[in-house]
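Let me begin by presenting the structure, written as structure tokens, before commenting on it.
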Amino acid sequence: MVYLVGTFGFICGFFAGQALLLWLLRDYSKREILALMEEPAQKFKYGMLNWAMAGLGAGLLIYVYNNYLAGLLI
């Protein structure tokens, strides 16, 4: 069950990371974003931000499941 919760948390975290990137890059035009993604440092920064949010989402949901929901769900 913890694998299912972790997978769900990873997917939710990934979508949260995409929403965060959408918010961070809201003032940029499509052309500016494409130019920004050609720079390796910027590409790494924004890419790692999204993966970090996905990992954080998985870790958070596993923590909540283990500490609060494990006794409730079978």
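In the list L49, L4, L22, which residue meets the criterion of being surrounded by 12 or more Cβ atoms within 10 Å (Cβ to Cβ) and either assigned to a helix (DSSP H, G or I) or not hydrophobic (A, V, I, L, M, F, W, C) (or both)?
Numbers: L4 fails: surrounded by 12 or more Cβ atoms within 10 Å (Cβ to Cβ); L22 fails: surrounded by 12 or more Cβ atoms within 10 Å (Cβ to Cβ).
On inspection, the qualifying residue turns out to be L49.
In the set (1) at pLDDT below 95; (2) surrounded by 10 or more Cβ atoms within 10 Å (Cβ to Cβ), the condition left unmet by L72 is number (2). Taking the stretch 25-46 as the range and being surrounded by 11 or more Cβ atoms within 10 Å (Cβ to Cβ) and outside any loop (DSSP other than H, G, I, E, B) as the test, the residues that pass are E32, I33, A35, L36, Q42, K43, K45, Y46.
Among the residues making up the stretch 12-35, those that are in contact (Cβ under 8 Å) with a residue 40 or more places away in the chain and either at positive phi or hydrophobic (A, V, I, L, M, F, W, C) (or both) are C12, F14, A16.
Which of the residues spanning the stretch 52-63 are farther than 12 Å from L20 by Cβ, open to solvent by 60 Å² or more (accessible area, probe 1.4 Å) and aliphatic (A, V, I, L, M)? Residue satisfying the conditions is L60 alone. In the set (1) among the hydrophobic types (A, V, I, L, M, F, W, C); (2) open to solvent by 90 Å² or more (accessible area, probe 1.4 Å); (3) under 15 Å from the mean Cα position of the chain (by Cα), the condition left unmet by F14 is number (2). Is there a residue being more than 12 Å from the chain's Cα centre (by Cα) and hydroxyl-bearing (S, T, Y) anywhere in the stretch 45-57? Looking for residues that are more than 12 Å from the chain's Cα centre (by Cα) and hydroxyl-bearing (S, T, Y), one finds none in the stretch 45-57, hence no.
The values are calculated or read from the model by the stated rules, or taken from the named source; none is laboratory data. Small disclaimer: the values here were computed from a predicted structure and weren't measured. Using ideal geometry, Cβ is built from the backbone for each residue, glycine included, and neighbour counts are taken over all protein chains shown. To get the accessible areas, we keep the full protein, side chains included, count just its heavy atoms, and leave off ligands, DNA and RNA. Shrake-Rupley method; radii C 1.70, N 1.55, O 1.52, S 1.80 Å.
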